[in-house]
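For reference, the structure is listed below as structure tokens.
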Amino acid sequence: MHLASEVSPPEEISTERLRLVCLDEKALEAVAANKRTTLAALLKAHIEPECDLPADVARLRLGQLAEDPSLRPWLLRAVIRLEDVSLIGHIGFHSAPDPHYLHELAPGSVEIGYTVYTPYRRKGYAFEAARGLMDWATQTYGVTDFIFSISPQNTASLGLLHRLAGSYRAEMLGHYVDPEDGPEDIFRLRSITGS
């Protein structure tokens with residue numbers, strides 16, 4: 001199931017307070033090289049000095065795009081706050097739906113990842129961005145199953161999962177030891193309306 005080319009997806013997803021902007025190759029290259037001025041110009045956004053750009057993730061996504069450019073709407077997006085056009089984080093899926101690595105565990109699902117930079121945390125932005133991205137995937141492509149890999153010590157992400165579970169059926173699928181992040185629990189959120 002390769003859905004990325006079936007519909008021309010929006011370059012941006014809008015929520016009440018945020019814009020989730022697809023990062024093209026130029027923007028990803030700027031992130032990978034930590035070229036903040038270039039990235040700010042490309043996004044037409046302000047970037048605070050204490051915001052850590054995800055260079056390693058950008059390099060990974062550039063590799064994926066080199067193999068399959070149609071993946072772009074599924075991958076890394078800048079999270080930009082509308083009120084002051086500040087880059088406050090990033091969000092995206094790890095692939096298009098039903099990737100090989102999830103097929104046995106959760107067929108048809110897609111894994112989500114996100115970061116809200118330190119100055120902007122505890123304001124509900126992660127919830128709003130995750131909900132906006134998940135709603136886009138459901139409304140545009142009919143995706144109903146979303147995977148979250150969360151460290152048992154990451155209380156903020158566990159809280160986000162609990163908050164999202166109001167609109168989704170949550171279940172733990174198992175455990176995994178990430179080579180970089182250590183032990184993680186794997187959760188699936190399944191849309192209540194899609195089950």
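The values are calculated or read from the model by the stated rules, or taken from the named source; none is laboratory data. Computed from a predicted model, the values in this text were never measured in an experiment. In this analysis, Cβ positions are derived from the backbone assuming ideal geometry, glycine residues included, and neighbour counts consider all displayed protein chains.
Some points to look at:
- Region 132-160, residues that are surrounded by fewer than 18 Cβ atoms within 10 Å (Cβ to Cβ) and within 24 Å of GLU16 (Cα to Cα): ASP135, THR138, GLN139, THR140, GLY142, ALA156, LEU158, GLY159
- The numbered conditions (1) more than 17 Å from the chain's Cα centre (by Cα); (2) touching a residue at least 60 places away in the same chain (Cβ under 8 Å) are all true for ILE80 except (1).
- Residues in region 143-173 that are in contact (Cβ under 8 Å) with a residue 40 or more places away in the chain and not aromatic (Phe, Trp, Tyr): 5 in all.
- Verdict on LEU3 being modelled with pLDDT under 95, buried (at least 19 other Cβ atoms within 10 Å of the Cβ) and under 22 Å from HIS100 (Cα atoms): yes
- Here region 87-116 is the region considered, the condition is being touching an Asp or Glu at 6+ places or on another chain (Cβ under 7 Å) and touching a residue at least 40 places away in the same chain (Cβ under 8 Å), and the residue that is surrounded by the most Cβ atoms within 10 Å (Cβ to Cβ) is PHE93.
- Considering region 47-67, and only residues there that are within 12 Å of LEU87 (Cα to Cα) and exposed (fewer than 14 other Cβ atoms within 10 Å of the Cβ), the residue that is nearest to the chain's Cα centre (by Cα) turns out to be ASP52.
- Residue pairs meeting the criteria (Cβ under 9 Å; at least 6 apart or on separate chains; first within 12 Å of PRO152 (Cβ to Cβ), in region 174-187; second of a type in the set (Asp, Glu) and modelled with pLDDT under 90): GLU184/ASP178
- One residue from PRO152, PRO107 being in contact with a strand residue (DSSP E or B) (Cβ under 7 Å, 6 or more places away or on another chain) and either closer than 17 Å to LEU173 by Cβ or charged (D, E, K, R) (or both): PRO152
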